[in-house]
Amino acid sequence: MGKRKRAREDALKILYEMDMADMPAEDAIEAFIEVHGRFSGEEEFIKSLVFGVEKKKQEIDELIRRFSEHWRLDRMSPVDRSALRIGVFELLYRDDIPPRVSINEAIELGKKFGDTESGAFINGILDAIYSHLLKEGLIVDKDMVKQDKEVTLTPG
């Protein structure tokens with residue numbers, strides 16, 4: 001398993017704790033280390049996700065609310081909420097991660113730590129958010145942008 005995958009799992013556990021115990025990121029990270037002894041993934045990446053979600057939570061949650069038809073945020077499972085927050089944070093603020101990777105990793109978190117419907121639930125919401133962000137020009141999917149190629153015609 002890759003370091004970033006493990007890091008996302010650690011971040012999910014920390015965000016879950018923050019959500020359930022209504023605690024700030026710093027305290028949740030300390031509690032995680034106290035229980036687990038150390039991080040299993042890249043520490044800086046974990047902290048960037050946890051502190052990033054904490055800082056941008058209102059904006060992230062508003063997007064999730066907007067695109068989760070018939071589901072209130074407080075009625076979602078804490079695992080699904082945390083995985084969605086990681087996915088949306090990465091889509092909005094991590095240019096170094098391809099959007100499809102962020103979406104797929106959030107889906108995998110839901111499948112591993114959520115219930116049988118979590119993967120499909122997370123996929124539907126993140127796909128809708130991703131499409132909206134692309135349409136509005138708020139993100140650019142570098143995998144979808146074709147490079148301009150100069151064509152030179154030679155006399156024949």
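Per-residue answers, yes or no, for (1) polar (S, T, N, Q); (2) over 21 Å from Asp141 (Cα atoms):
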site: Met1; (1), (2): no, yes
site: Leu12; (1), (2): no, yes
site: Met20; (1), (2): no, yes
site: Gln58; (1), (2): yes, yes
site: Leu63; (1), (2): no, no
site: Glu69; (1), (2): no, yes
site: Ala83; (1), (2): no, no
site: Arg94; (1), (2): no, no
site: Val101; (1), (2): no, no
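Please list, ordered by residue number, the helices (runs of 4 or more DSSP H) wholly in the range 56-135 having 2 or more residues that are surrounded by fewer than 19 Cβ atoms within 10 Å (Cβ to Cβ), more than 14 Å from the chain's Cα centre (by Cα) and without any contact (Cβ under 8 Å) to a residue 12 or more places away in the chain.
Filter on the range 56-135 gives 118-135.
When both residues are 6+ apart or on different chains and their Cβ atoms are under 6 Å apart, which pairs have a first residue that lies in the range 28-49 and is in a helix (DSSP H, G or I), and a second that is small (Gly, Ala, Ser)?
Partner pairs satisfying both residue conditions: Phe45/Ala7; Ile46/Ala7; Ile46/Ala11; Leu49/Ala11.
Every number here is computed from the coordinates shown, using simple stated rules; none is lab data. What you see is a predicted model; the values in this text were computed from it and never measured. Cβ sites come from the backbone with ideal geometry, for glycine too, and all protein chains shown count toward neighbours.
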